[in-house]
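Heads up: the structure comes next, in structure tokens.
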Amino acid sequence: MNNFEFEYPYLFILLLLIICIYKCPLSIKEIIFPHIHLFSTSIGWLNRERVLYSFIVALLVTALAAPIAFDQKTSDKRKGRDLVFALDTSGSMAESNFDNENPQEAKFNILKALLKEFISKRHDDNVGISIFGSYAYSAVPLTYDMKSINFLLDFFEVGIAGDSTAVGEGIATAIRLLEKGEAKNKVIILITDGYQNSGSVSVKEAALNAKNKGIKIYTVGIGKRKDFDYKLLTLIATDTNGKMFEAGDAEMLKDIYSELNALEPSNIRSQHYLNKQELYFYPLAIATLLLLLLLLRDRGLKI
């Protein structure tokens, strides 16, 4: 074994219990150390019993920290997915009465707040944002820095890309963002509350391009069904092996984000050890032996 480390080194904070051996009131000691009578009445800092108890606590904490020996450690750098949000910022996203608890809040502000909560749970995903209104542009390139995305979201406003709805260009821009990523799983989450009424890119053409590139599109219609192109959003999702969602209010949108988390789980990095040998038994055995010897002494046996 060429390497040594502790799997839970943060548990060494429990060594602070040793301070209690010297400083805690007697009543507290009786709770932490039931056999308090084993302590000598001597108050010296180098009292034998105190040193022994301190050593036992140190051994037990060392065992809890899980010492291991191993030949090699490898990190499982499983990438998550490249995930791009295509967000509708057309004029209709300024409408209110979308959230029953905050009826005056605009749909787009609620969308941003819930989006922040969603991306905070993405561990290894590379996330980007495409904005579309009368035209579309790449607002946030693919990044693992979720804090930066949260910061930039505060600067997006309704009408920032015009008041119309260029859904096709929004998808096309999201595809261009995904082309720069290296993950095997590529996903677009398209969120809109309207119909295609602007832009030079056909929605069906953009969806076909996504399908040919193996990009999955989840579509989310905001508001009442009559407010957005339900049939078109359903077709986009079906053709790209995604799923179409309806969000009639803020609570439904929150539930949709939860379902998307389940449909597209974010991978968590892990580590693997080659020829791993657990060593916790040794400090645990020594501590147990010392406690047994103290118990035998307490029963009047000579050691």
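The values are calculated or read from the model by the stated rules, or taken from the named source; none is laboratory data. Keep in mind it's a predicted model, so treat the numbers as computed, not measured. Note that each Cβ is placed from the backbone with ideal geometry, even for glycine, and that neighbours are counted across all protein chains shown.
On the basis of being modelled with pLDDT of 90 or more, over 22 Å from residue 175 (Cβ atoms) and β-branched (Val, Ile, Thr), does residue 286 make the cut? Yes: the conditions hold for residue 286.
Scanning region 14-35 for residues that are modelled with pLDDT of 55 or more and surrounded by 10 or more Cβ atoms within 10 Å (Cβ to Cβ) yields 14, 15, 16, 17, 18, 19, 20, 21, 22, 24, 35.
Per this entry, residue 94 is not counted among residues that are surrounded by fewer than 17 Cβ atoms within 10 Å (Cβ to Cβ) and under 30 Å from residue 276 (Cβ atoms). Among the criteria (1) surrounded by 22 or more Cβ atoms within 10 Å (Cβ to Cβ); (2) under 22 Å from the mean Cα position of the chain (by Cα), the one residue 182 does not fulfil is (1).
The rows are residues; the columns are (1) touching a residue at least 60 places away in the same chain (Cβ under 8 Å); (2) surrounded by fewer than 20 Cβ atoms within 10 Å (Cβ to Cβ); (3) over 18 Å from residue 95 (Cα atoms).
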{"residue": "162", "(1), (2), (3)": "yes, yes, no"}
{"residue": "186", "(1), (2), (3)": "yes, no, yes"}
{"residue": "204", "(1), (2), (3)": "no, yes, yes"}
{"residue": "209", "(1), (2), (3)": "no, yes, yes"}
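Taking the criterion of being modelled with pLDDT of 90 or more and more than 17 Å from residue 292 (Cα to Cα), the residues of region 36-62 that qualify are 61, 62. A single member of 87, 83, 177 is within 19 Å of the chain's Cα centre (by Cα) and of a type in the set (A, V, I, L, M, F, W, C), and it is 83.
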